[in-house]
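Asker: Mind looking over this structure? Questions follow.
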Amino acid sequence: MTSPHLTSQDLPSVTGAWREGDPVGSRRFADVGDVALESGSVLPDVRLAYETWGTPGRDAVLVLHALTGDSHVVGPAGPGHASPGWWDTLVGPGLPIDTDRFLVVCANILGGCQGSTGPASVAPDGRAWGSRFPDLTVRDQVTAEVLLADALGIERWYAVVGGSAGGMRGLEWAVGHPSRVERLFLLATSAQASAEQLALSSVQQAAITTDPHFHGGDYYAERRGPTNGLDLARRVAHVAYRSEPELQQRFGREREPDGRFSVASYLEHHGTKLTRRFDAGSYLALTRAMDSHDVGRGRGGVAAALGRVTARTVVAGIDSDRLYPLHQQQELADLVPGADGLDVVHSVHGHDGFLVEQEQVGALARRALAE
């Protein structure tokens, strides 16, 4: 039942962000220019890291990653990539998102920490953005992705695919830019962040901002960063990502040889693992952006906003998801004009079922992308 424990030697002292000079791996970079934000400010000289699979000139599919994902959908871990591809069995030749048929694009989200402009990135004055990095909304992140599509010469996506936070951006693409989205595949997401999601987010954010090494967000030049706070934030999140039956089945009240409960050791493993490849500042920026999520804001409400979607839409939820429960996907299925009902993925794994249940999710992806 025990997960391998990462030692302190495995962990960065300041940040797990990709930084200039690190191995590039499979990333490409697009300098998309200044991004006008909903707040009225402008984020200058934005760069997005992205990866592609397939052949340019074919119909294009945009895959949108979740909170702590990145552009590395497919491929092994190695120099430049701390983790292997997170959807390796879904994207590739002959796979549900078929790279023999499509050009597939995935970009690291604006505010992220794996090559795209975020708090750990160097600002125009040569210092890390840190506390000066502006608050973002989901719409701001999609604005940057629109600029990337323009830079790649993609006027219309054959499909936009996203789960969780990726689904939020998928919705914003389809609501804000309906003429550019032909098909839409939404997984384990919602039309707006709920009170419970906001509550859990606030606890995670507090874990980071109260870390004594946070330094108000300007820790990048220090000897230590708020890695303990990021570790704790991930442990809180991971409880919500899995289901109670799974945790009971896997761990129950078992203990480790040192007397700790096995489930606590499991959470510790996932917390320390994230610190190897993520940045606390980005975690704050991205969770705050997720807090902003409300497709109905300024659009006459959720129903009116979802009524703008013209894409043929597949909506799926996870039956054991306690973070994004099925009623949230049911609302999407009911209100998006091009949706064909709600599909339910059966899983004991909770919210993470959209990543774990790749056979069921793959079958839905094939249907969403079928001619």
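The values are calculated or read from the model by the stated rules, or taken from the named source; none is laboratory data. Keep in mind that this is a model prediction, so the values were computed, not measured. Reconstructed Cβ throughout: ideal geometry from the backbone, glycine too, with neighbour counts over all protein chains shown. The protein model used for the area step is the full one, side chains on, heavy atoms only, and it has no ligands, DNA or RNA in it. Shrake-Rupley method; radii C 1.70, N 1.55, O 1.52, S 1.80 Å.
Asker: Regarding TRP173, is this residue among the aromatic types (Phe, Trp, Tyr) and more than 18 Å from THR287 (Cβ to Cβ)?
Answerer: Yes: the conditions hold for TRP173.
Asker: Can you pull out the helices (runs of 4 or more DSSP H) entirely within segment 279-371 that have at least 3 residues that are of a type in the set (D, E, K, R)?
Answerer: The qualifying helices (runs of 4 or more DSSP H) are 358-369.
Asker: Could you check segment 27-77 and list, in sequence order, the residues that are of a type in the set (S, T, N, Q) and under 21 Å from LEU147 (Cβ atoms)?
Answerer: SER39, SER41, THR52, SER71
Asker: Okay, next question. Answer with yes or no whether VAL138 is farther than 19 Å from GLY57 by Cα and modelled with pLDDT of 95 or more.
Answerer: Yes.
Asker: Another question, then. Taking the residues in segment 170-181 that are assigned to a helix (DSSP H, G or I) and out of contact with any Leu (no Cβ under 8 Å at 6 or more places or on another chain) as candidates, determine which candidate is least open to solvent (accessible area, probe 1.4 Å).
Answerer: Selected residue: GLU172.
Asker: Something else about it: Give the residues of segment 304-337 that are surrounded by fewer than 15 Cβ atoms within 10 Å (Cβ to Cβ) and either aliphatic (A, V, I, L, M) or touching a residue at least 12 places away in the same chain (Cβ under 8 Å) (or both), sorted by residue number.
Answerer: Across segment 304-337, the qualifying residues are ALA304, ASP319, PRO337.
Asker: Hey, another quick one. Considering each of GLU182, GLU172, GLU222 in turn, give the residue that is touching a residue at least 60 places away in the same chain (Cβ under 8 Å), out of contact with any helix residue (DSSP H, G or I) (no Cβ under 9 Å at 6 or more places or on another chain), over 26 Å from VAL239 (Cβ atoms) and of a type in the set (D, E, K, R).
Answerer: GLU182
Asker: Among the residues of segment 62-82, what is the count of those that are outside any strand (DSSP E or B) and either of a type in the set (Ser, Thr, Tyr) or open to solvent by 10 Å² or more (accessible area, probe 1.4 Å) (or both)?
Answerer: Number satisfying all stated conditions: 13.
Asker: Here's a follow-up. Exactly one condition in (1) assigned to a helix (DSSP H, G or I); (2) open to solvent by less than 20 Å² (accessible area, probe 1.4 Å) is not met by LEU184; state its number.
Answerer: (1)
Asker: While we're on this one: For residues that are of a type in the set (Ser, Thr, Tyr) and assigned to a loop (DSSP other than H, G, I, E, B), scanning just segment 118-145, find the one that is nearest to ASP279 (Cα to Cα).
Answerer: SER121
Asker: Now for a different question. Name the pairs: first residue in segment 242-258 and over 11 Å from ASP321 (Cα atoms) and in a strand (DSSP E or B), second residue open to solvent by less than 30 Å² (accessible area, probe 1.4 Å) and polar (S, T, N, Q), Cβ to Cβ under 7 Å, at least 6 apart or on different chains?
Answerer: Sorted first by the residue in segment 242-258, then by its partner, the pairs are ARG255/SER262.
Asker: Inside segment 83-137, can you point out the residues that are open to solvent by 20 Å² or more (accessible area, probe 1.4 Å) and of a type in the set (Ser, Thr, Tyr)?
Answerer: Residues satisfying the conditions are SER83, THR89, SER121, SER131, THR137.
Asker: Can you pull out every residue in segment 191-238 that is assigned to a helix (DSSP H, G or I), within 30 Å of ALA333 (Cβ to Cβ), open to solvent by less than 60 Å² (accessible area, probe 1.4 Å) and hydrophobic (A, V, I, L, M, F, W, C)?
Answerer: ALA199, LEU200, VAL236, ALA237
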